Amino acid sequence: MQGKDYYKILGLPPSATLKEIKAAYRRLAHQYHPDKNPPDLYSAAQFEIIKEAYEVLSNPAKKDQYLQQRWYDQSIGKKNEATVTTPVTVLKQILELDKYVSQLDVHRMDKAGLYAHLCDILSDNTIEKLNTFNDPAINSSIVDMVIRCSAPLDWSCIKPLSARLVKLNTNPASSEAITQFIHHAQRSAAWNKYRVWLLLLVVVLLCLLIYSISH
C-alpha cells in the first residue's frame, strides 16, 4: 500500500510552516468533523486521516521521522498518496494489483512480495475500517479479487490470508467462495507434498511391468 502524503492530505506544500499546518487543519476539521457530518462514514474517515496528518506534521519528532521516510520512499520511486481508507479505495487497490499480477509469469513472480503486499492492503486496521462502513457488497468484491490475486500463492501464504478474509463482513456467496478457496489450496498443497513419491511409485511400477513382460 502506498505511504500517506500528509502534506497533500492537508493541501499544503512541503515548505508549509507550523502556522500554515495549524490553519489548514482547522479549516479541514471544520469541514469534515463527524459532529458536522453525522452519520457520514466517509467524512469521518477523511477527518481521521486529516487528524493523523496534523498530529505528525505538528510534532517535531514525528515530522522528522516522517520526512526521512518520505525522502526514502521518493528515492526508491515509491508513491505517496492522500488516499482515505474506504471500501472503494481498497477495492481500487486490489483491482490494480490484480491487473498487475495477471501480466506476470507465475513461475517467475515474487510470491513473497505479492503475499506481503496483500497483507499490507488487508491489515487489521483496514479490515476494521471496512467493517465499520458495513458494505457487504463491496467487501465481497474485495474478497473475490483477493482470491484471484492469491491463486499463485502456496498454502503457507493462503492460510493466513484466508484468516483475514473471513473477518470481513460479506455476503453468503463470498463466505462460500472463501471456504472453497481454502479447500482447493489444501488439496493442492497435499498433492504437491506427495507428487514426487507418487511419480516415483509410477516409475517403479512401469519398470516392473516392463521387466515382467520382457521375461
Filter the range 71-87 for residues that are surrounded by 15 or more Cβ atoms within 10 Å (Cβ to Cβ) and of a type in the set (Ser, Thr, Tyr); which is modelled with the highest pLDDT? 86
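Any idea how many residues of the range 57-115 are among the hydrophobic types (A, V, I, L, M, F, W, C) and under 29 Å from residue 133 (Cβ atoms)?
If we filter the range 57-115 for residues that are among the hydrophobic types (A, V, I, L, M, F, W, C), which is where we start, we get 57, 61, 67, 71, 76, 82, 84, 88, 90-91, 94-95, 97, 101, 104, 106, 109, 112, 114.
Cutting the leftovers down to under 29 Å from residue 133 (Cβ atoms) gives us 57, 82, 84, 88, 90-91, 94-95, 97, 101, 114.
Going through the range 57-115 one residue at a time, the tally reaches 11.
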Scan the range 5-20 residue by residue and report those that are surrounded by 20 or more Cβ atoms within 10 Å (Cβ to Cβ) and in contact with a helix residue (DSSP H, G or I) (Cβ under 7 Å, 6 or more places away or on another chain). 6, 9, 10
Mind listing whichever residues of the range 29-65 are among the aliphatic types (A, V, I, L, M) and closer than 23 Å to residue 126 by Cα? 29, 41, 44, 45, 49, 50, 53, 56, 57
Can you pull out every residue in the range 50-70 that is under 17 Å from residue 12 (Cα atoms) and modelled with pLDDT under 90? 70
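The values are calculated or read from the model by the stated rules, or taken from the named source; none is laboratory data. This one's a predicted model, so the numbers in the text were calculated from it and none came from an experiment. Here the Cβ is made from the backbone with ideal geometry for all residues, glycine too, and neighbour counts use every protein chain on show.
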